[in-house]
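Take a look at the structure set out below.
The numbers here are math on the coordinates, done by the rules we state, and not lab data. Small disclaimer: the values here were computed from a predicted structure and weren't measured. Here the Cβ positions follow ideal geometry from the backbone for every residue, glycine too, while neighbour counts run over all protein chains shown.
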């Protein structure tokens, strides 16, 4: 143990650097909240559905709740019921058994409905394409407003996709 402590004293603590801020996204909470309120009239409620993924995208979605991104502070919340949701965030390839459940979840959502397909698997089934149990992207089952690629997409790209879907929803009105 003393050798480890001596090594730490010699080299110091090593960790990753904090993520760089991106001025093009301009994460001003006031601007984002204003856009969401203008579009929906309330906070954005998201129902996240895992349609058969490896959980890589879910880890990145969970990272949106940490203090660095502070999704709750921006007026965006995850809900358990599709009846309370404004947006459906789907990860993973749609398996045969999840297709009907995904349709029912979408139909239970109130209008206006927004759908975001996250990750390569959500967009086009990724590496699971043309398999027996799964093999279609979300767009084959539901009308997708925004599709975000990446395996898994980083949290900042997920946040961009969510905000793009909100702007797309405002344009649909």
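Could you give the length gained on full extension between residue 111 and residue 62, defined as 0.36 nm per residue of separation minus the Cα-Cα distance, in nm? Present the calculation step by step, with values, prior to reporting the outcome.
Values: separation 49, 0.36 × 49 = 17.64 nm, distance 2.59 nm.
Answer, rounded to one decimal: 15.0 nm.
Go ahead and estimate [θ] at 222 nm for the chain from helices alone: -39,500 (n - 2.57) per DSSP H run with n ≥ 4, summed, over the residue count, rounded to 500.
On the way: 6 runs with 67 residues, N = 173.
Helix-only estimate at 222 nm: -12000 deg cm²/dmol.
To the nearest 10 degrees, how steeply does helix 29-40 sit against the main Cα axis of the chain, on a 0 to 90 scale?
10
Considering only C-alpha atoms, what is the centroid distance from the stretch 132-163 to the stretch 35-56, in Å?
12
Please report the relative contact order for the chain, taking Cα pairs under 8 Å with a sequence separation of at least 6, and give it as a percent rounded to a whole number. Please report the intermediate quantities before stating the final value.
On the way: 282 pairs, mean separation 37.0, N = 173.
Worked out over the chain, it gives 21 percent.
Taking neighbour Cβ counts within 10 Å as the exposure measure, how do 39, 164 sort from fewest upward?
Taking fewest neighbouring Cβ atoms as first place, the list is 164, 39.
Which angle between 0 and 90 degrees, to the nearest 10, do you get for helix 155-172 versus the longest principal axis of the chain when only C-alpha atoms count?
So the helix axis and the longest Cα principal axis differ by about 30 degrees.
Mind ranking 72-85, 49-62 by how tightly packed they are, going by the mean number of other C-beta atoms within 10 angstrom, highest first?
On the way: 72-85: 16.1, 49-62: 18.9.
So the peptides 72-85, 49-62, ranked by packing, come out 49-62, 72-85.
Once you place label points 7 Å from the Cα toward the Cβ at residue 139 and residue 1, how far apart are they in nm?
5.7
Of the peptides 102-108, 147-153, 5-11, how do they stack up when ordered by the mean number of other Cβ atoms within 10 Å, highest first?
Result, highest mean Cβ count within 10 Å first: 147-153, 102-108, 5-11.
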